[in-house]
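Visitor: My questions will all concern the structure given below.
No value in this document is a laboratory result; all are computed from the given coordinates. From a predicted model like this one, the values you see are computed outputs, not experimental measurements. Cβ sites come from the backbone with ideal geometry, for glycine too, and all protein chains shown count toward neighbours.
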Amino acid sequence: MVPTKFALLVVSLLPALLAAEDSPGSISPSHRTHEPGRPVVFACLKSETYVMGGALLSAKQAASQIFDGIGVKLLWSCQDQRDAIVIRLAAHAPRDFRKGTLAYALPFAREGVRITAFYDRLEPILEDHLSFAGSVLGHVLAHEIAHVLKRVDSHAETGLMRARWSERDFESMRFHALGFTPEDARFIRECVEREDPVQ
Ligand SMILES: [Zn+2]
């Protein structure tokens, strides 16, 4: 989970939004082609609320970019992907639910919704970092997806898998500079390779 005092959401200024697609048929045959040595993870984001214009697309792209940096291909699709990691973006957190928590993962679940994020808690953080809100949301998604892939709920001392992000961490997201530690990167990749039947 990413507990923090802040919340987030977005106006995406990232120019290339096309990498994150969610429409039917958006995953073309070429996307499905396995690149040797690059295990693939599918994620499906289901939003139950209005999200600031462009934020979701840029968040997906930012998350994919983060995983790309550790040699894992993160593709977004809700079509025919039974093993996809399903993420629910809820409008509101339940009353009194884990104060300060923006999102949480169920790292030991094998199917169904494995990540839930709360837009009412994210939105203020996104508004505070409006010019790179998509990137901030993408980091939240990447953090939770990493919990699912690693099947652990533990955190790192530094980087993307910190339990709490400081304002300096958020500032790093402006430049996509808050990544996984080398140890996390190696472990995540090993976990994905183990799960990916094509590898
Ligand atoms: Zn966490």
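Visitor: With 10 angstrom as the radius, rank K46, K99, K73, K60 by how many other C-beta atoms surround their C-beta, starting from the fewest.
Guide: Values: K46 12, K99 9, K73 17, K60 25.
Ascending number of Cβ neighbours within 10 Å: K99, K46, K73, K60.
Visitor: Over region 38-194, what is the relative contact order in percent, taking alpha-carbon pairs closer than 8 angstrom and at least six residues apart?
Guide: Values: 250 pairs, mean separation 41.0, N = 157.
Result for region 38-194 is 26 percent.
Visitor: About the Cα centre of region 38-194, how large is the charge dipole given +1 on each Lys and Arg Cβ and -1 on each Asp and Glu Cβ? Please answer in debye to the nearest 20.
Guide: Roughly 360 debye for region 38-194.
Visitor: Which chymotrypsin sites (Phe, Trp or Tyr not before Pro) does region 111-188 hold that lie in a coil by DSSP with at most 12 other beta carbons within 10 Å?
Guide: Counting only loop positions with at most 12 other Cβ atoms within 10 Å, the chymotrypsin sites (Phe, Trp or Tyr not before Pro) in region 111-188 are F175.
Visitor: Can I ask one more? Does region 38-194 come out rounded, prolate or oblate, given a ≥ b ≥ c as the square roots of the eigenvalues of its C-alpha gyration tensor, rounded meaning a/c under 1.5 and, failing that, prolate meaning a/b above b/c?
Guide: Judged from the Cα gyration tensor, region 38-194 comes out rounded (a/c under 1.5).
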